[in-house]
Protein chains: 2
Amino acid sequence: MDMLWNGWGDPAKAAPLPETVTGLLRDLLGVKPQTTPALALEDVRPPATTAESAALKALADAVGGDEHVRTDPESRVRHTRGKSTPDLLRMRAGDLADVPQAVVLPAGHDEVLAVLRACAAHGLAVVPFGGGTSVVGGLAPQRSAFVALDLRRMNGLLDLDPVSRTATLQPGLRAPEAEALLAEQGFTLGHFPQSFEWATIGGFAAARSSGQASAGYGRFDEMVLGLTVATPEGTLETGRAPRSAAGPDLRQLVLGSEGAFGVITSVTVRIRPLPEVRVYEGWRFGSFEEGAAALRRLAQDGPRPTVLRLSDETETLIGLAQPDAIGADLAQGGAGCLAIAGYEGTPEDTAHRRERAAAVLTACGGTLVGAEPGERWAHGRYSAPYLRDALLDVGAFAETLETAAFWSRVPDLYTAVRTALTDTLTEAGTPPLVMCHISHVYENGASLYFTVVSAQGEDPVAHWTPAKHAANEAVLAAGGTISHHHGVGTDHRDWYVREAGPLGISALRAVKRRLDPEGLLNPGVLLPTD
Amino acid sequence: MDMLWNGWGDPAKAAPLPETVTGLLRDLLGVKPQTTPALALEDVRPPATTAESAALKALADAVGGDEHVRTDPESRVRHTRGKSTPDLLRMRAGDLADVPQAVVLPAGHDEVLAVLRACAAHGLAVVPFGGGTSVVGGLAPQRSAFVALDLRRMNGLLDLDPVSRTATLQPGLRAPEAEALLAEQGFTLGHFPQSFEWATIGGFAAARSSGQASAGYGRFDEMVLGLTVATPEGTLETGRAPRSAAGPDLRQLVLGSEGAFGVITSVTVRIRPLPEVRVYEGWRFGSFEEGAAALRRLAQDGPRPTVLRLSDETETLIGLAQPDAIGADLAQGGAGCLAIAGYEGTPEDTAHRRERAAAVLTACGGTLVGAEPGERWAHGRYSAPYLRDALLDVGAFAETLETAAFWSRVPDLYTAVRTALTDTLTEAGTPPLVMCHISHVYENGASLYFTVVSAQGEDPVAHWTPAKHAANEAVLAAGGTISHHHGVGTDHRDWYVREAGPLGISALRAVKRRLDPEGLLNPGVLLPTD
């Protein structure tokens, strides 16, 4: 099944907003009903491909036949851009400025190498395409002549070593498919980002994804033990041991490279036994500060829940932690800050961690509100992007952004980003609702994930851009990183360049020039073009 | 106090071998008494420095005065090579082929930058020098005109953030000094490698060190949150958040770079509260295989002790896990395999982990042998290098080497390295005693640390070299990494190049050329010279 071309996910899962929410949007934010509906797929037609027939022939030879090189309008439209709100707004308006000239579907590592050779020979850039879920412009290169390299045919489990607890997966495997293959043998990867239903193993690695159970299972970059990468200059293989002192860690040079250094063609990951028990509970804290201190205590001194997240006052009030039941608490006024603590594992381990964590959360001022909010969170954990479509449908604007910092900087970072978003959008005439949660905790810091909802401006993308830029500036000024788990893409690139510093960027460009001397791979994504 | 110039550590801690051991060496290994004693420091005189006076003047200007640029024989001899057994044998024989032309002592980051500029201007290579404890030839560059950049004046605690639990340390701080500074504020780094008494923070980062309590505190590279690096092309700063999706992790490009990319001038690390309780216990297993399975079980399913190690049958028999009491068990014949499990933390956490770990170890066939072996291990945990000096003194050869692999490869790797060492040295007429332990465990694999003792050949370094090369070949053939925690240096370089592969090496050389275009930094260490 294909994802909705100008929205999120499975069209069958779309759901209209409850009246409590539309009322709030209208009364609080001044959202006006949408008068221009989104275009239909059949009405959106890109110009004919500019790829020459010799190039298409070479690509077909590389991937074993014409049927794996697609130039039909629908295939090209479906591989245009990712899933940021500006991406969706552009697609809804029929803007196809970033359309690929062809979609190429290789079946394995050697075919990827062959595609790279064919593209080099014919001057085509290459955008690796997994689930197409980038929300940072990672699929919009700064070159008009490019092909989308769709990795969906590379979706196998290549190896599973139950003794070492490792599995080698192909990059085009979607997360649910990967979990199903591992579950057959009693294992899980434990990586459950909000994009879970659609995103792929290769994309997780390329963008340093982090899942909702990162407190227990770690980030995706912490799960990766080895990588195979196809580059225009040949193959890079990394990872002979879980840890090594043999030089810099080349895995960490590939992770986060967002397709700019090469195409990830296999990923060896750490796997864990399928949990026997999964329990998610809600806790309530008097304030975001109090709740954050409790999360910090657990992250630093343990025991570590598998899932640990905390919504701020606004997000709690709106009920965004439970997207399927959003607005349900509005009438009664959700007070304070809702936290979710989840435990997965064996019955004994789960019970023990839960008991000790509960004692810590209580000591830190938390009140257990029981299993219902936890179960509601778990049920709606992949629903928020569907909610965004419904918001766009009624004429609202909704977008998310995220960052991370050391614990001592978290309070100022929170205030700075909230203020930047609120001030910019208010001055522009669309006062927003800004909500935030902490969903990834570490011994030394935490992530902050912001959701912004407002009325759409006249030109919604142009209206949002200054607010996004103000948020980026606030992140850097307050000592945060420009992205905790969404990545850099093109949207964060200019701020990333400042974060990494000129010498760091210059070292990465030296790597890129060595692996991709003609600059074919995702030009302008992650690193500026020359 | 200075370390022994041609041996290990504090001369006052030297201790002769017990008669049980010398008897064993004589009877079992055919060790003959040493007839040529090591040269005295005052008898070892390097040729006069070749550094021109203009160069020395520029260096003095860079570091604030003549007194911080040393060309006297003793300073230069004390900065010649590291502490591998071949290094010590060469020093004992008065071989000064690797002597630096001067020793330069900068006081801070800007002075390091100034030294790099001065060296570039005068064609001098630079070898960053921390504790001088490299055992892989990391201080022996392939250039005769080089200065040792001794970082001992950069030994401060720059910042401690108790909320984020981070500390920023200067690179020349020795581990005991760092622990003392952190302990004043109630914290520990938890990094206790065998080189603890002498090695420095910068060295730990540059070489990806791993300490004896890695099961609980992690490897040094896992503790590092940020780095500042002085390069000939300027300053590189990394680490704005504990984790980030903003591109490749530049920290992991610096960690393990062994001074070849730049000079690490500050390291921000994760710190933890000082443990209230420390308990170390001995366990006995029937075989190395059985013990390894028990360690794997704890590493994969927990609870994780803070210290976890297992000696094989030979190491257990000799008693090497307790260097201060080596040979003590020989009369009664230490049977099976000794494991040490240690727990550090709060009383509650320690008691709980100990109880559950004991249940796992028992279920896996282990027998608790009580606190005494644990305490003896803890007491002698930094003693093994002193023991090596005593062995060299009586005419024996003793060296260590280490590797790591995924769990399923560990048994074959163990056999392959043992066999390579035993066969090569036996064929050369000096049948060795080969001992091994696992001292670092991960969910997905473990390290193997080998100790080899034999009679010295006629030319001890030349005699050992084929055995070391055979071990390196065995490591690669059996799927291990060429180093788990000693690093690459010059000794492992040719095998490292094979492990990383041509494209990986070429990417790293691209980074080096960008940061160190004239190839001043540790030429030939880590990466081959052009």
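Taking each residue of region B:93-119 that is on the phi > 0 side of the Ramachandran plot and looking for partners that are assigned to a loop (DSSP other than H, G, I, E, B) with beta-carbon atoms closer than 6 Å, six or more apart or interchain, yields B:GLY94/B:LEU39; B:GLY94/B:VAL44. Residues that are open to solvent by 100 Å² or more (accessible area, probe 1.4 Å), touching a residue at least 24 places away in the same chain (Cβ under 8 Å) and outside any loop (DSSP other than H, G, I, E, B) within region B:29-50 comprise just one, B:ASP43. Applying the criterion of being surrounded by fewer than 19 Cβ atoms within 10 Å (Cβ to Cβ) and in contact with a helix residue (DSSP H, G or I) (Cβ under 9 Å, 6 or more places away or on another chain) to the residues of region A:368-382, the residue that is farthest from the other protein chains (Cβ to nearest Cβ) is A:HIS379.
Is it fair to say B:LEU255 is among the hydrophobic types (A, V, I, L, M, F, W, C), closer than 30 Å to B:GLY202 by Cβ and in contact with a Lys or Arg (Cβ under 9 Å, 6 or more places away or on another chain)? For B:LEU255, the condition - among the hydrophobic types (A, V, I, L, M, F, W, C), closer than 30 Å to B:GLY202 by Cβ and in contact with a Lys or Arg (Cβ under 9 Å, 6 or more places away or on another chain) - is met.
Residues in region B:268-285 that are buried (at least 24 other Cβ atoms within 10 Å of the Cβ) and either outside any strand (DSSP E or B) or without any contact (Cβ under 8 Å) to a residue 40 or more places away in the chain (or both): B:ILE271 alone.
Do we find a residue being within 26 Å of B:VAL511 (Cα to Cα) and at pLDDT below 95 anywhere in region A:512-530? Yes: region A:512-530 contains one or more residues that are within 26 Å of B:VAL511 (Cα to Cα) and at pLDDT below 95. There is no residue in region B:159-168 that is out of contact with any helix residue (DSSP H, G or I) (no Cβ under 6 Å at 6 or more places or on another chain) and away from every other protein chain (no Cβ under 14 Å).
Candidates are the residues of region B:514-530 that are at the interface with chain A (Cβ under 7 Å from one of its Cβ atoms) and within 23 Å of A:THR235 (Cα to Cα); the one that is surrounded by the most Cβ atoms within 10 Å (Cβ to Cβ) is B:LEU526. Within region B:138-158, the residues that satisfy the criterion of being in a strand (DSSP E or B), touching a helix residue (DSSP H, G or I) at 6+ places or on another chain (Cβ under 9 Å) and among the aliphatic types (A, V, I, L, M) are B:VAL147, B:ALA148, B:LEU149, B:LEU157.
Checked against the criterion of being of a type in the set (A, V, I, L, M), within 13 Å of chain A (Cβ to nearest Cβ), open to solvent by 30 Å² or more (accessible area, probe 1.4 Å) and within 27 Å of B:LEU448 (Cα to Cα), the candidates B:ALA293, B:ALA299 yield just one match: B:ALA293.
Comparison of B:ALA510, B:ALA446, B:ALA467, B:ALA500 shows that the only residue that is crowded, with 24+ Cβ neighbours inside 10 Å and either under 29 Å from A:LYS512 (Cα atoms) or in the same structural domain as B:ALA339 (by TED's automatic domain parsing) (or both) is B:ALA500. For region B:219-231, the tally of residues that are out of contact with any Gly (no Cβ under 8 Å at 6 or more places or on another chain) and more than 12 Å from B:VAL254 (Cα to Cα) stands at 1.
Within region B:418-449, the residues that satisfy the criterion of being among the hydrophobic types (A, V, I, L, M, F, W, C), under 22 Å from B:GLN212 (Cα atoms) and more than 14 Å from chain A (Cβ to nearest Cβ) are B:VAL434, B:MET435, B:CYS436. Residues that are open to solvent by 10 Å² or more (accessible area, probe 1.4 Å), touching a strand residue (DSSP E or B) at 6+ places or on another chain (Cβ under 6 Å) and within 14 Å of chain B (Cβ to nearest Cβ): does region A:348-359 have at least one? Looking through region A:348-359, at least one residue is open to solvent by 10 Å² or more (accessible area, probe 1.4 Å), touching a strand residue (DSSP E or B) at 6+ places or on another chain (Cβ under 6 Å) and within 14 Å of chain B (Cβ to nearest Cβ). Scanning region B:51-94 for residues that are farther than 24 Å from B:HIS109 by Cα, part of a helix (DSSP H, G or I) and hydrophobic (A, V, I, L, M, F, W, C) gives B:VAL77, B:LEU88, B:LEU89, B:MET91. Hey, any hits in region A:450-462 for a residue that's open to solvent by less than 20 Å² (accessible area, probe 1.4 Å) and at the interface with chain B (Cβ under 7 Å from one of its Cβ atoms)? The answer is no; no qualifying residue exists. The residues of region B:211-221 that are part of a loop (DSSP other than H, G, I, E, B) and at the interface with chain A (Cβ under 9 Å from one of its Cβ atoms) amount to a single one, B:ARG219.
Matching residues to (1) facing another protein chain (nearest Cβ under 7 Å); (2) assigned to a loop (DSSP other than H, G, I, E, B); (3) surrounded by fewer than 23 Cβ atoms within 10 Å (Cβ to Cβ):
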| position | (1), (2), (3) |
| --- | --- |
| B:PHE196 | no, yes, yes |
| B:ALA206 | no, no, no |
| B:SER209 | no, yes, no |
| B:ALA230 | no, no, no |
| B:THR235 | yes, no, yes |
| B:ARG240 | yes, yes, no |
| B:ARG243 | yes, yes, no |
| B:PRO248 | yes, yes, no |
| B:SER266 | no, no, no |
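In region A:470-497, which residues are open to solvent by less than 20 Å² (accessible area, probe 1.4 Å) and either closer than 28 Å to A:LEU236 by Cβ or more than 11 Å from chain B (Cβ to nearest Cβ) (or both)? If the condition is that a residue be open to solvent by less than 20 Å² (accessible area, probe 1.4 Å) and either closer than 28 Å to A:LEU236 by Cβ or more than 11 Å from chain B (Cβ to nearest Cβ) (or both), then A:ALA471, A:ASN472, A:ALA474, A:THR481, A:ILE482, A:SER483, A:HIS484, A:GLY487, A:VAL488, A:GLY489, A:HIS492, A:TYR496 are the ones that fit. In the condition set (1) at the interface with another protein chain (Cβ under 10 Å from one of its Cβ atoms); (2) among the polar types (S, T, N, Q); (3) farther than 30 Å from B:GLY138 by Cα; (4) without any contact (Cβ under 8 Å) to a residue 60 or more places away in the chain, A:THR316 is compliant with all but (1). If you go through region A:105-137 and pick out every residue that is in contact with a Ser or Thr (Cβ under 8 Å, 6 or more places away or on another chain) and either open to solvent by 10 Å² or more (accessible area, probe 1.4 Å) or outside any loop (DSSP other than H, G, I, E, B) (or both), you end up with 10. Does A:LEU56 satisfy being farther than 27 Å from A:LEU116 by Cα and not β-branched (Val, Ile, Thr)? It is false that A:LEU56 is farther than 27 Å from A:LEU116 by Cα and not β-branched (Val, Ile, Thr).
The values are calculated or read from the model by the stated rules, or taken from the named source; none is laboratory data. The structure presented is a predicted model; accordingly, all values stated were derived computationally and were not measured. Ideal geometry is used to build each Cβ from the backbone, glycine not excepted, and the neighbour counts take in all protein chains shown. We work out accessible area using only protein heavy atoms, side chains counted, and drop any ligands, DNA or RNA first. Shrake-Rupley method; radii C 1.70, N 1.55, O 1.52, S 1.80 Å.
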